[in-house]
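S.K.: Structure below; questions to follow.
The values are calculated or read from the model by the stated rules, or taken from the named source; none is laboratory data. Treat the numbers as computed from the prediction; the structure is a model and nothing was measured. FYI the Cβ positions are ideal-geometry reconstructions off the backbone, even for glycines, and counts take in every protein chain you see. Heads up: the accessible areas ignore ligands, DNA and RNA and are worked out on the full protein's heavy atoms, side chains in. Shrake-Rupley method; radii C 1.70, N 1.55, O 1.52, S 1.80 Å.
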Amino acid sequence: MKNLEGKWAVITGCNRGIGHAILEKFAEEGANVIACIRNAAESVVEDFKNISIKYGNKISIVSMDLADEESVKSGLKEIIGLKVPIHILVNNAGVCEYPGLMKVKPDSLKHTFQVNYFSPVLITQYLLKPMMKAKGASVINMGSIAGIDGSVGNTVYGASKASLMYATKCWAKELASIHIRVNAIAPGIISTDMTKDMDPEMLTGTFGSPTLFRVGDPKEIASLAAFLASDESSYVTGQVIRADGGI
């Protein structure tokens, strides 16, 4: 039996990178997915359709711009209108900026925190009722080692991820009584659009060299997310799990 058979998962930012890998892994494991993306381009719709056909699951697309609070609220109302129990919530969508302290601009700071922290808080709040109906839901927040290990230029991105990972521990304690587990994944250097254009020396200089001598694959993060979403991790909550190749 597939580990996520018949479950409903809400995943933000799943049109590419780690989010897309999680969507496909969850579909492979039998989950139906509510895919929250900013722009439902024709190519993305076709891609999701092909995944749905391949694994025999349902994929519902909800347009949602995490930088816009009203857009998030509108998308959440659409999700609640589907009237399905939410077994899994993956707060994955994020933006990444690395200005040094002297170059941080207020607008950049506000935008990053709106996408990486404020919106995940809002989304989680709104979906608590349908998660309670699932009788044993799992929330997975996508953190980063940037929010654990201080480094040059991480005043904005790292701080926003640190906030989300700290919230993970708080939510785990607050939501335990209603049978909702909350965990976070802190990826290291993963091969995505976010890192492909960054100078390799900057990456290793900022984060350090992985003990495994390679960057990670989004599928490796997706496998960890699938474990945290499944009943196989039923005794795991309040954890921030590093997946960084041993940095």
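S.K.: Whether any residue in region 158-176 is modelled with pLDDT under 95 and closer than 21 Å to Gly19 by Cβ is what I want to check.
M.R.: Yes: one or more hits.
S.K.: Turning to a different aspect of this structure: Could you check region 188-230 for helices (runs of 4 or more DSSP H) lying wholly inside it with 1 or more residues that are at pLDDT below 80 and in contact with a Lys or Arg (Cβ under 9 Å, 6 or more places away or on another chain)? Even if it seems obvious, please write down each step before you answer.
M.R.: Details: elements: 193-196, 200-207, 218-229.
Where helices (runs of 4 or more DSSP H) fall fully within region 188-230 and carry at least 1 residues being at pLDDT below 80 and in contact with a Lys or Arg (Cβ under 9 Å, 6 or more places away or on another chain), they are 193-196.
S.K.: Here is a check on your reading of the model: is Gly94 over 21 Å from the mean Cα position of the chain (by Cα) and under 17 Å from Met64 (Cβ atoms)? Quick ask: steps written out before the conclusion?
M.R.: On the way: over 21 Å from the mean Cα position of the chain (by Cα): no; under 17 Å from Met64 (Cβ atoms): yes.
Judged against the criteria, Gly94 is not a match.
S.K.: Here are Gly30, Gly19, Gly6, Gly81: which of them is in contact with a strand residue (DSSP E or B) (Cβ under 9 Å, 6 or more places away or on another chain), among the small types (Gly, Ala, Ser) and farther than 20 Å from Ile180 by Cα? If you could, list the steps in order and put the result at the bottom.
M.R.: On the way: Gly30 fails: in contact with a strand residue (DSSP E or B) (Cβ under 9 Å, 6 or more places away or on another chain); Gly6 fails: farther than 20 Å from Ile180 by Cα; Gly81 fails: in contact with a strand residue (DSSP E or B) (Cβ under 9 Å, 6 or more places away or on another chain).
None of the other options fit; the residue is Gly19.
S.K.: Look through Pro85, Pro99 and report the one residue that is part of a loop (DSSP other than H, G, I, E, B), open to solvent by 20 Å² or more (accessible area, probe 1.4 Å) and under 30 Å from Gly246 (Cα atoms).
M.R.: Details: Pro85 fails: under 30 Å from Gly246 (Cα atoms).
Being part of a loop (DSSP other than H, G, I, E, B), open to solvent by 20 Å² or more (accessible area, probe 1.4 Å) and under 30 Å from Gly246 (Cα atoms) holds for just one of Pro85, Pro99, which is Pro99.
S.K.: Looking at region 2-24 only, could you name the residues that are in contact with a Cys (Cβ under 7 Å, 6 or more places away or on another chain) and assigned to a strand (DSSP E or B)?
M.R.: Residues satisfying the conditions are Val10, Ile11, Thr12.
S.K.: What's the number of the only condition in (1) assigned to a helix (DSSP H, G or I); (2) under 29 Å from Gly245 (Cβ atoms); (3) open to solvent by less than 60 Å² (accessible area, probe 1.4 Å) that Ala93 fails to meet?
M.R.: Only one criterion in (1) assigned to a helix (DSSP H, G or I); (2) under 29 Å from Gly245 (Cβ atoms); (3) open to solvent by less than 60 Å² (accessible area, probe 1.4 Å) is unmet by Ala93, namely (1).
S.K.: Follow-up. Can you confirm whether region 31-39 contains a residue that is touching a Lys or Arg at 6+ places or on another chain (Cβ under 9 Å) and part of a helix (DSSP H, G or I)?
M.R.: no
S.K.: Scanning for something open to solvent by 10 Å² or more (accessible area, probe 1.4 Å), among the basic types (Lys, Arg) and touching a His at 6+ places or on another chain (Cβ under 9 Å), does region 134-147 turn up at least one residue?
M.R.: Checking region 134-147: at least one residue is open to solvent by 10 Å² or more (accessible area, probe 1.4 Å), among the basic types (Lys, Arg) and touching a His at 6+ places or on another chain (Cβ under 9 Å).
S.K.: Let me ask you something else. Which numbered condition trips up Asn32, out of (1) open to solvent by 20 Å² or more (accessible area, probe 1.4 Å); (2) over 18 Å from the mean Cα position of the chain (by Cα); (3) of a type in the set (S, T, N, Q)?
M.R.: If we test Asn32 against (1) open to solvent by 20 Å² or more (accessible area, probe 1.4 Å); (2) over 18 Å from the mean Cα position of the chain (by Cα); (3) of a type in the set (S, T, N, Q), just (2) comes out false.
S.K.: Scan region 41-57 and report the pairs whose first residue is within 12 Å of Asn15 (Cβ to Cβ) and whose second residue is open to solvent by 70 Å² or more (accessible area, probe 1.4 Å), with Cβ atoms within less than 9 Å and a gap of 6+ or a chain change.
M.R.: Sorted first by the residue in region 41-57, then by its partner, the pairs are Val44/Arg16; Ile51/Glu28.
S.K.: State all residues of region 160-174 that are of a type in the set (A, V, I, L, M) and closer than 14 Å to Pro120 by Cβ; if no residue qualifies, say none.
M.R.: So the first thing to find is which residues in region 160-174 are of a type in the set (A, V, I, L, M), and the list is 162, 164-165, 167, 172.
Scanning region 160-174 gives Ala162, Leu164, Met165, Ala167.
S.K.: Also, quick follow-up: Output the number of residues of region 50-82 satisfying the condition of being under 20 Å from the mean Cα position of the chain (by Cα), assigned to a loop (DSSP other than H, G, I, E, B) and among the small types (Gly, Ala, Ser).
M.R.: 1
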